[in-house]
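The values are calculated or read from the model by the stated rules, or taken from the named source; none is laboratory data. As the structure is a prediction and not an experimental result, all values here were calculated from the model. Virtual Cβ from ideal backbone geometry, glycine too; neighbours counted across all protein chains shown.
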């Protein structure tokens, strides 16, 4: 019975952990520029990924809330698994030229 | 009491955890970051502010202003006394008709409505499909912007509903509405005066963007601070923009929250991105991309840099980012 309870607690914990993880991914990504600066100071470097794009910049205050302001061209993240082997060396492609 | 089938559940939980972790790390594990591959190489640039170019009143479209630009003494945010231009804008674009905002029904196409962006790097056409897809996009089943029986979209189509919804504290009755206002409610536009230092003065410490305006577009439209997306989405509303990234409320009138190319009226002869406005510190704001579609790679934290032709200037962010510049490099008029 004791072993059963331990396994039950472990299983419940794992399921809770996975559900928290799922929730953290459940958002639409609109908070990504703000979340990227949640524990940073103004002018600190930051980056975030949203909609398969990577933005790199610094934390700046907008209406008194820090958010990541991009100052490098957007890069698009390409999943290696979806690319032919010849293209896998460059898996991030700049979006600056559109 | 629920009993767990441990021989099944334990491996299952481990699998779920493993899948979850893989999902969390998948993009990092499968992708390799490389440095930028494209640069705006047409001009020699740096981020110093030694070379400044004065505000040129002739850059403004003539119909953008309701009176001639005048000069007056002003006090800047760094305490300096300076000469400023007083610029009175019409509050409506001089170079195009304000476009449509909300779709009428769930079959509307992109041509029949405007756009939406929430700062996360994506611009959405507000089509009928977009309206239908909102619960998935924002992962919240409370989104219901249309009448299931008729397919008509809930639109704030009166001045009263515009007033109640086009504000940070959206009235509850206008939740689950696409928000739009007519320019007729503000008599064709709200004129506004700006004091901008004629010769921009760079400061040692950048100034943050508050909730006030960022600058003025050359076509007579206010460049506003980022739209309060949290409040808008939190009230289950879409504060629709027209295709030029502008929308209307009864306080500010028509104003921009992003640079969609509609105010880039000053084409640069050297292929540099076109000029679209001035920030309140007097530094010019130009488009994001040059004529080859390239974005500079040497922008500072305010999204500015210097070249030999334009001095220090900003490059607007992508329209999807719900902003123009990152901060003020120069002193603004008090």
So residue B:171 fits all but one of (1) in contact with a helix residue (DSSP H, G or I) (Cβ under 7 Å, 6 or more places away or on another chain); (2) within 14 Å of chain A (Cβ to nearest Cβ); what number is the exception?
(2)
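When the residues of the range B:316-331 are filtered to those that are more than 9 Å from every other protein chain (Cβ to nearest Cβ) and surrounded by fewer than 24 Cβ atoms within 10 Å (Cβ to Cβ), which remaining residue is farthest from residue A:34 (Cα to Cα)? Reasoning before the result, please.
Of the residues in the range B:316-331, the ones more than 9 Å from every other protein chain (Cβ to nearest Cβ) are B:316, B:319, B:324, B:328-331.
Applying the additional criterion that residues be surrounded by fewer than 24 Cβ atoms within 10 Å (Cβ to Cβ) yields B:319, B:331.
Working: B:319: 17, B:331: 26 Å.
That would be B:331.
Taking residue B:236 as the residue in question, decide whether it is within 14 Å of chain A (Cβ to nearest Cβ) and surrounded by fewer than 24 Cβ atoms within 10 Å (Cβ to Cβ).
Details: within 14 Å of chain A (Cβ to nearest Cβ): yes; surrounded by fewer than 24 Cβ atoms within 10 Å (Cβ to Cβ): yes.
Yes, satisfied.
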Within the bounds of the range B:252-259, is there any residue that is in contact with a helix residue (DSSP H, G or I) (Cβ under 6 Å, 6 or more places away or on another chain), closer than 30 Å to residue B:141 by Cα and in a strand (DSSP E or B)?
no
Return a yes/no flag: does the range A:47-56 have any residue that is in a loop (DSSP other than H, G, I, E, B) and farther than 21 Å from residue B:208 by Cα.
yes
For residue B:247, work out the one condition from (1) within 14 Å of another protein chain (Cβ to nearest Cβ); (2) within 14 Å of the chain's Cα centre (by Cα); (3) surrounded by 21 or more Cβ atoms within 10 Å (Cβ to Cβ); (4) closer than 30 Å to residue B:164 by Cα it doesn't fulfil.
(1)
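Which residue, of B:252, B:317, is assigned by TED's automatic domain parsing to the domain that holds residue B:164, closer than 20 Å to residue B:118 by Cα and within 19 Å of the chain's Cα centre (by Cα)?
B:252
Residues B:97, B:81: which one is within 18 Å of residue B:243 (Cα to Cα), surrounded by fewer than 20 Cβ atoms within 10 Å (Cβ to Cβ) and either within 14 Å of another protein chain (Cβ to nearest Cβ) or at pLDDT 95 or above (or both)? Spell out how you get there, then give the answer.
Working: B:81 fails: within 18 Å of residue B:243 (Cα to Cα).
Just a single option satisfies the conditions, and that option is B:97.
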Here is a list of conditions, (1) over 17 Å from residue B:260 (Cα atoms); (2) away from chain A (no Cβ under 14 Å); (3) within 20 Å of the chain's Cα centre (by Cα), and residue B:242 meets all of them except one; can you say which number that is?
(1)
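Would you point out which residue out of B:298, B:307, B:281, B:318 is at negative phi and out of contact with any strand residue (DSSP E or B) (no Cβ under 7 Å at 6 or more places or on another chain)?
Residue meeting the stated conditions: B:318.
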Over the range B:146-168, the set of residues in contact with a helix residue (DSSP H, G or I) (Cβ under 7 Å, 6 or more places away or on another chain) and either under 19 Å from residue B:228 (Cα atoms) or outside the structural domain of residue B:130 (by TED's automatic domain parsing) (or both) is B:156, B:161, B:162, B:164, B:165, B:168
